[in-house]
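Trainee: Sharing a structure below in structure tokens format, with a few things to ask.
What follows is calculated from the coordinates using simple rules that are stated; it is not laboratory data. For clarity, every value in this text was computed on a predicted model and none was experimentally measured. So basically every Cβ, Gly included, is an ideal-geometry build from the backbone, and we count neighbours across all protein chains shown.
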Amino acid sequence: MNHVAQSILANGQASAAILSDSLQVEGLSKHFQGTDTAVFRDVSFNINKGQAVALIGANGAGKSTLLRCCVRLVEPDTGKINLSGEDLSGKSGRALKKARRRVGFIFQKHCLVPRLSALTNVLHGNLAHRSGPRNWAQSFARQEDRQRAMHCLEQVGLVDLAYQRCDQLSGGQSQRVAIARALMQEPSILFADEPTASLDPQSGEVVMELFARLSQSRDLTLFFVSHHVEHALHFADRILGLRSSELQLDSASHSESIQSLREFYA
Ligand SMILES: Nc1ncnc2c1ncn2[C@@H]1O[C@H](COP(=O)(O)OP(=O)(O)OP(=O)(O)O)[C@@H](O)[C@H]1O
Ligand SMILES: [Mg+2]
């Protein structure tokens, strides 16, 4: 095992238990203006509290768009979204921001602030709960928040690079900072868009194990996109698949196999 993976395993202790969220999506459709076809039509599914669900599909199938539509980072054309009994569909402004406070999101492209340090970027995870300059930079931060941000960096094996600017990190290191920032938010539901795409195979495995452990110990609900069919089978309770603008797969992972999932891509 490489030193990064060892460090993640050694430090990946779960934080205190918090309530997890469920997600209900009904009749979600999205068609980008100026394009010929809908990205997806009439997509419905439920994710129970504490469940880990993988979303698969070919490049361009609409996985990132679906993930973003679930929290209205991209506005769906139609459909209802319900987060733990709270209707997200009709909310806007401050009410929407409040409802999304415990929604962690790891983007396919890390979306870090390049000129700021890893530690400051992690601290920004706190902005979902508290605004203000104390969360803009690590030098202004409350000591307890700085310590918590360091702990999140420990969890992804990056404490040694806490003060490194993010534009001086590798792709895999940046991805791990993005994961630490999402953990800083203490999410009750975590959306992760190809969270291990830029990690070496062993670190990718260990990050997925960290998610699985958080999912068990904290009852964290996890909805992740992955092209690793092995990750989908091993780390998800359920697998959803997008193909030809429709949700064509919604199946318990124990009833799927590497072969059946590869065929889904064919
Ligand atoms: N803002 C946008 N405007 C127009 N079309 C878009 C926009 N964002 C995405 N698309 C299109 O929507 C489709 C789905 O894109 P999306 O990024 O959701 O796919 P994906 O399944 O995540 O693919 P990948 O596996 O490559 O990440 C693609 O055809 C893409 O070109
Ligand atoms: Mg994508």
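Trainee: Considering the options S170, C152, S131, tell which one lies farthest towards the positive end of the dipole of region 131-240, charges being +1 on Lys and Arg and -1 on Asp and Glu at the Cβ, about the Cα centre.
Mentor: Toward the positive end, the furthest listed residue is S131.
Trainee: In the Gaussian network model of the chain, springs joining C-alpha atoms below 10 Å, which of D42, D21, D160 carries the largest mean-square fluctuation?
Mentor: The residue with the greatest mean-square fluctuation here is D160.
Trainee: Picking from T78, T65, T35, which is most flexible by a Gaussian network model of the chain using Cα springs under 10 Å?
Mentor: T35
Trainee: Here's something else I'd like to know. Kindly count the pairs of lysines across the chain whose alpha carbons are less than 19 Å apart, treating pairs on different chains or eight or more residues apart as eligible.
Mentor: Value for the chain: 9.
Trainee: Something else about it: Hand me the trypsin sites (Lys or Arg not before Pro) from region 23-121 located in a DSSP loop with no more than 10 other Cβ atoms within 10 Å, in residue order please.
Mentor: Numbers: sites: K30, R41, K49, K63, R68, R72, K80, K91, R94, K97, K98, R100, R101, R102, K109, R115; in loops: K49, R72, K91, R100, R101, R102, K109, R115.
The qualifying sites are R115.
Trainee: For a quick size check, give me the Cα extents of region 110-266 along its three principal axes, largest first, whole Å.
Mentor: Principal extents (largest minus smallest coordinate, Cα): 51, 29, 28 Å.
Trainee: GNM on the chain, C-alpha springs below 10 Å: top fluctuator among A118, A149, A137?
Mentor: Of A118, A149, A137, the most mobile in the Gaussian network model is A137.
Trainee: Out of the DSSP beta bridges found with both residues in the chain, what percent are antiparallel (nearest 5)?
Mentor: Details: 19 of 36 bridges.
Taking every DSSP beta bridge with both residues in the chain, the antiparallel ones total about 55 percent.
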